[in-house]
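Attaching a single structure in structure tokens format; questions to follow.
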Amino acid sequence: MERLGTLEVKNLSKKFRSRNDELTVLNDINLTVQPGEFISIIGSSGCGKTTFLRLVVGLEKGYEGEILLDGQRLNGPSLKRGVVFQDHRLLPWLSIEKNVGMGLKDAKSDESRKAIQEHLELVGLKGFEKHYPHQLSGGMSQRAAIARALVNRPGILLLDEPLGALDALTRMYMHQELERIWKQEKITMIMITHDVDEAIVLSDKIVVMSSRPGTIKKIIPVPLARPRDRASYDFVKIKEEVLEEFQLHTEHPFTYTI
Amino acid sequence: MKIQLLKNKLTGLIIPLVLYVAWDLLSRYELVPSTLMPPPKVLFETWWVMQSSGELLLNMKMSLLRVGAGFLVGASSGFLLGTAMGLWKPVEQYLNPVFNFFRQVPVVAWIPFLLLWLGIDEWFKIVFISCGAFIPMTLKTYDGIKNVPASYLEVVRVFEYGWFRLLRTVIVPSALPSIFTGLRLSLSEAWMLVIGAELVAAGEGIGNVMVIARRLFQTDVVLVGVIVIAITGFAMDRLLGLLETRFLGWHRTQNAQ
Ligand SMILES: Nc1ncnc2c1ncn2[C@@H]1O[C@H](COP(=O)(O)OP(=O)(O)O)[C@@H](O)[C@H]1O
Ligand SMILES: [Mg+2]
């Protein structure tokens with residue numbers, strides 16, 4: 001099955017109108033994401049990252065410019081684009097198993113059961129099928145949300161600060177997991193993050209955004225071999241390059257995240 | 001854990017116990033005239049007489065039948081209206097203002113009007129109780145559906161659900177706690193109103209027993225009535241509470257966190 005798609009964003013602008021005010025949140029965004037790429041979007045709070053993601057998912061209407069998937073204009077949300085929201089949004093009344101099965105047409109069929117099992121294993125939640133979301137930790141909930149977004153095999157997975165709420169150690173563990181899932185599923189991933197290290201560890205390209213209005217300031221490729229060594233010279237060089245965009249010149253780049 | 005739970009339950013019994021002892025002492029030493037406040041012992045005897053003669057059961061049966069009918073009609077139509085207003089914009093726009101207007105009228109204020117239309121027979125009582133049960137059920141059902149978190153709705157938009165699956169997976173479960181609250185409010189309203197209706201209009205029923213007893217100055221019978229009403233109401237609410245725990249386990253445990 002052909003799952004991957006090329007995402008093209010051309011001259012995208014988005015305004016929010018209130019009664020007597022107009023706020024330009026995104027201005028002239030241009031970005032092409034190749035099938036199977038891992039892209040990180042990094043930028044300060046309020047610069048429009050979530051808005052961009054919601055536009056690509058199809059949850060936000062009314063924009064200028066074009067968002068094309070394999071040359072086709074987007075038309076509302078679709079099973080082809082999975083999304084992991086910043087808050088995991090698992091339904092509290094469904095067991096983990098049922099939550100993960102939400103994206104399947106007939107969650108009871110043998111095929112679906114198999115898919116659910118596989119994806120629970122993929123995110124390391126085997127054995128938690130019958131648990132409810134309130135019985136899971138933050139990291140486990142995010143992993144369940146990732147499994148849910150992947151189970152119907154979307155071509156693109158969009159992640160909105162999926163690891164933002166986790167502690168540093170769990171986060172590093174999740175980086176490995178995400179990379180493994182990305183490789184195994186051969187899927188395009190677009191991830192929003194605040195964490196420069198996280199972006200460099202995972203991405204093929206880092207999109208740096210500036211705010212008011214949100215624009216793409218720079219796209220920084222990360223041509224390092226995987227798995228990446230956070231202490232390596234090249235890693236630190238790229239980190240400096242990213243931080244420079246935020247005017248954080250420093251002799252101790254290790255100590256900064258945004 | 002179990003012991004703690006038991007302790008919590010027992011704590012709730014302390015004040016009733018104190019009141020009971022105070023009441024016993026007050027009436028035993030005739031600090032209050034026993035015609036106004038008969039001692040507990042007399043109440044037990046009265047209750048026993050009413051119980052064994054079948055008088056209590058017969059009248060309770062009448063009252064409960066009325067509550068049953070009124071609650072069934074009122075709560076189910078409330079559920080339907082609440083659901084319709086919650087799910088369909090046009091229904092909401094047509095009916096919500098009217099509903100809000102009429103619900104400002106205390107149900108008891110309808111009594112004269114209903115008596116004029118329906119007389120003092122069963123129809124009056126059942127319609128009256130239905131009206132009372134209807135309002136909280138409508139409100140809570142409507143509320144529950146209106147307050148389904150937009151974030152959950154977005155999740156299922158991505159999954160391209162049809163309306164039936166949307167209803168089953170998100171809207172109903174999300175609204176259910178509120179709907180259950182509606183049921184409980186509605187039932188307790190119905191139980192209060194049946195007594196009200198029986199106090200106003202003659203016929204069999206526990207409220208009527210009390211009206212007659214008042215005329216005959218049988219304070220003991222009046223008080224037995226009060227206590228039986230309280231216990232029955234309490235039991236009915238607990239029953240719904242148990243159902244709620246059974247069906248909405250996720251809700252309780254989640255909120256406990
Ligand atoms: N639905 C909306 N209506 C009006 N303004 C909005 C809406 N959503 C977001 N905004 C505004 O758009 C800006 C960018 O928001 P967001 O995309 O959430 O930023 P980020 O995810 O980068 O922190 C903020 O100033 C926010 O207040
Ligand atoms: Mg955001």
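Nearest 500 deg cm²/dmol is fine: what mean residue ellipticity at 222 nm does chain A get from its DSSP H runs of n ≥ 4 alone, each adding -39,500 (n - 2.57), divided by its residue count?
-9000 deg cm²/dmol
What net charge is computed for the residues neighbouring B:Pro39, neighbours being all others with C-beta under 13 Å from the C-beta of B:Pro39, Lys and Arg scored +1, Asp and Glu -1?
That works out to -2.
Quick one: Karplus J couplings for region A:50-58, per residue in order, coefficients 6.51, -1.76, 1.60, θ = phi - 60°, nearest Hz, x for Gly and Pro?
Taking θ as phi minus 60°, the curve returns 5, 4, 4, 4, 5, 5, 5, 5, x Hz for region A:50-58.
Sorted by packing (mean other beta-carbon atoms within 10 Å per residue), highest first, where do B:78-86, B:98-106 land?
Packing proxy ranking, top to bottom: B:78-86, B:98-106.
From the square roots a ≥ b ≥ c of the eigenvalues of the alpha-carbon gyration tensor of chain B, which class results: rounded (a/c under 1.5), prolate (a/b over b/c), or oblate?
Verdict is oblate for chain B.
May I ask you to evaluate 6.51 cos²θ - 1.76 cosθ + 1.60, the Karplus curve with θ = phi - 60°, for each residue of region A:204-218 and list the ³J(HN,Hα) values in order in whole Hz, giving x for glycine and proline?
So the J values, rounded to whole Hz, are 7, 9, 10, 9, 9, 10, 10, 10, 6, x, x, 9, 7, 8, 6.
Please give the average number of partner chain Cβ atoms lying within 10 Å of the Cβ of each residue in B:157-166, rounded to a whole number.
That average works out to 5.
While we're looking at this one, here's another question. What is the interface area between chains A and B, defined as buried accessible area summed over both chains with a 1.4 Å probe, reported in Å² to the nearest 100?
Rounded to the nearest hundred, the buried surface is 2000 Å².
Between A:Ile192 and residues 5 or more places away or on another chain, which pairs have amide H atoms under 5 Å apart, with H built 1.01 Å from N, and which residues are they?
So A:Ile192 has HN proximity to A:Ile41, A:Leu159, A:Asp160, A:Glu161.
Now a separate question. Which GluC sites (Glu not before Pro) in region B:14-92 sit in a loop by DSSP (not H, G, I, E or B) and have at most 11 other Cβ atoms within 10 Å of their own Cβ?
B:Glu30
Turning to a different aspect of this structure: Please work out the Cα convex hull volume for region A:117-243 and give it in Å³ per residue.
Dividing the Cα hull volume of region A:117-243 by its residues yields 126 Å³.
Looking at region A:20-120, which trypsin sites (Lys or Arg not before Pro) are in a loop (DSSP not H, G, I, E or B) and have at most 16 other Cβ atoms within 10 Å?
A:Lys61, A:Lys105, A:Lys108
To continue, here is another question. If you take every DSSP beta bridge fully contained in chain A, what fraction is antiparallel? Give it as a percent rounded to 5.
Around 50 percent antiparallel, to the nearest 5.
Taking the Cα centre of each part, how many Å lie between region A:51-120 and region B:128-204?
First find each Cα centre; the distance between them is then 30 Å.
Within region A:115-210, report the trypsin sites (Lys or Arg not before Pro) that DSSP leaves as loop and that have at most 15 other Cβ atoms within 10 Å.
Qualifying residues, ordered by number: A:Lys126, A:Lys130, A:Lys186.
Still on this model: Checking the cross-link filter: which lysines have an alpha carbon closer than 21 Å to that of A:Lys205, excluding same-chain neighbours under 8 positions apart?
A:Lys10, A:Lys49, A:Lys183, A:Lys186, A:Lys217, A:Lys218, A:Lys237, A:Lys239
Also, I was wondering about something else. Report, ordered by chain and residue number, the aspartates and glutamates lying within cross-link reach of B:Lys41, taken as a straight Cα distance under 18 Å and ignoring same-chain residues fewer than 8 apart.
Straight-line reach from B:Lys41, under 18 Å: B:Asp24, B:Glu30, B:Asp220.
Dipole magnitude of the protein assembly as shown about its Cα centre, charges +1 at Lys/Arg Cβ and -1 at Asp/Glu Cβ only, in debye to the nearest 20? Could the numbers behind the result be given before it?
On the way: 57 positive and 51 negative charges, 121 e Å.
The dipole magnitude comes to about 580 debye.
Mind jotting down a quarter of the surface of the convex hull over the alpha carbons of chain A, in square nanometres, one decimal?
Numbers: hull surface 58.8 nm².
Result: 14.7 nm².
Further question on the same structure: Taking amide H positions as placed 1.01 Å from N in the peptide plane, with prolines and chain starts having none, which residues 5 or more places from A:Gly65, or on another chain, fall under 5 Å of its amide H?
Residues meeting the criterion, in which the H sits 1.01 Å from N, are A:Ser13.
What does the average come to when, for each residue of peptide B:147-156, you count the partner chain Cβ atoms lying within 10 Å of its Cβ?
That works out to 4 on average.
Based on the alpha-carbon set only, what is the convex hull volume of region A:88-153 divided per residue, in Å³?
That works out to 72 Å³ per residue.
Given the protein assembly as shown, report the % of alpha carbon pairs whose separation exceeds 44 Å.
Details: 51900 of 132355 pairs.
The share of Cα pairs beyond 44 Å in the protein assembly as shown comes to 39 percent.
Given the Cα atoms of region B:31-148, and with Rh set as the inverse mean 1/r over their pairs in the Kirkwood sense, what is Rg to Rh to two decimals?
Rg/Rh for region B:31-148 comes to 1.18.
Given DSSP loops and a limit of at most 10 other Cβ atoms within 10 Å, what is the longest stretch of chain A that contains no such GluC sites (Glu not before Pro)?
So the longest stretch without any such site is A:3-250.
Looking only at other chains, what is the average number of their beta-carbon atoms within 10 angstrom of each beta-carbon in B:209-219?
Rounded to a whole number, the mean comes out at 0.
The values are calculated or read from the model by the stated rules, or taken from the named source; none is laboratory data. These numbers were taken from a predicted model, which means no experiment stands behind them. Cβ coordinates were reconstructed from backbone atoms using ideal geometry, including for glycine residues, and neighbour counts include every protein chain displayed. For accessibility, only protein heavy atoms count, side chains too; no ligands or nucleic acids. Shrake-Rupley method; radii C 1.70, N 1.55, O 1.52, S 1.80 Å.
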